[in-house]
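The values are calculated or read from the model by the stated rules, or taken from the named source; none is laboratory data. The model shown is predicted, which means the values in this text are computed figures rather than measured ones. Quick reminder, even Gly has a Cβ in these numbers, built from the backbone with ideal geometry, and neighbours come from all protein chains shown.
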């Protein structure tokens, strides 16, 4: 899955753009835009609904956990997970895999929790729905930004 940007064609024009050299740049910018958009949405909801009764401040926990998961997922390289470039340390390849697994568990958990908050906290009690939608989209954008940053880049250019 880490080579999904290799097959992108620029239409039927004769522009012959080599995306291989710019792949890391494109994936990094796209992931940054997704991450920024997620946090921008929740900041907008927090400013629009400052009252604790309309938007409980504890709901920000999902976004913080998603950000922590984003960092955990991208802290280990694909080579460390495969065992190609990492053999030392207290756990080696197994430790890298466990770290990545915990990061993905936190990412999925925060996404599921944001859906729970959306429906349980805003849709069912007939409150204004925008804060719940903002929480969900924040976590979704951070989650997809983490996936783009992890699997959109290539490590061949680092060696």
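Within the option set 79, 20, being surrounded by 13 or more Cβ atoms within 10 Å (Cβ to Cβ), within 13 Å of residue 150 (Cα to Cα) and at pLDDT below 95 holds for one residue only, 79. Inside segment 111-159, residues that are at positive phi and touching a residue at least 24 places away in the same chain (Cβ under 8 Å) make up a count of 0.
So, of the residues in segment 45-60 that are under 12 Å from residue 135 (Cβ atoms) and surrounded by fewer than 13 Cβ atoms within 10 Å (Cβ to Cβ), which turns out to be modelled with the highest pLDDT?
58
So that you can scan it fast, the table gives a plain yes or no per residue for (1) crowded, with 22+ Cβ neighbours inside 10 Å; (2) modelled with pLDDT of 95 or more; (3) assigned to a helix (DSSP H, G or I); (4) in contact with a strand residue (DSSP E or B) (Cβ under 9 Å, 6 or more places away or on another chain):
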| position | (1), (2), (3), (4) |
| --- | --- |
| 117 | no, yes, yes, no |
| 137 | no, yes, yes, no |
| 141 | yes, yes, yes, no |
| 154 | no, no, no, no |
| 157 | no, no, yes, no |
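Okay, residues lined up against (1) out of contact with any strand residue (DSSP E or B) (no Cβ under 6 Å at 6 or more places or on another chain); (2) loosely packed, with under 10 Cβ neighbours inside 10 Å; (3) modelled with pLDDT of 95 or more; (4) within 16 Å of residue 137 (Cβ to Cβ):
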site: 7; (1), (2), (3), (4): yes, yes, no, no
site: 26; (1), (2), (3), (4): yes, no, no, no
site: 36; (1), (2), (3), (4): yes, no, yes, yes
site: 40; (1), (2), (3), (4): yes, no, yes, yes
site: 43; (1), (2), (3), (4): yes, no, yes, yes
site: 70; (1), (2), (3), (4): yes, no, yes, yes
site: 75; (1), (2), (3), (4): yes, no, no, no
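When the criteria are applied in full, residue 109 meets the requirement of being modelled with pLDDT of 95 or more and out of contact with any helix residue (DSSP H, G or I) (no Cβ under 6 Å at 6 or more places or on another chain). Filtered by the rule that a residue be at pLDDT below 95 and surrounded by 13 or more Cβ atoms within 10 Å (Cβ to Cβ), segment 85-106 gives 85, 86, 92, 93, 95, 96, 97, 99, 100. Taking residue 11 as the residue in question, decide whether it is at pLDDT below 85, surrounded by 13 or more Cβ atoms within 10 Å (Cβ to Cβ) and more than 23 Å from the chain's Cα centre (by Cα). Against the criterion (at pLDDT below 85, surrounded by 13 or more Cβ atoms within 10 Å (Cβ to Cβ) and more than 23 Å from the chain's Cα centre (by Cα)), residue 11 does not qualify. State the number of residues belonging to segment 24-67 that are free of Cβ contacts under 8 Å to residues at least 60 places away in the same chain and in contact with a helix residue (DSSP H, G or I) (Cβ under 6 Å, 6 or more places away or on another chain). Total satisfying the criteria: 1.
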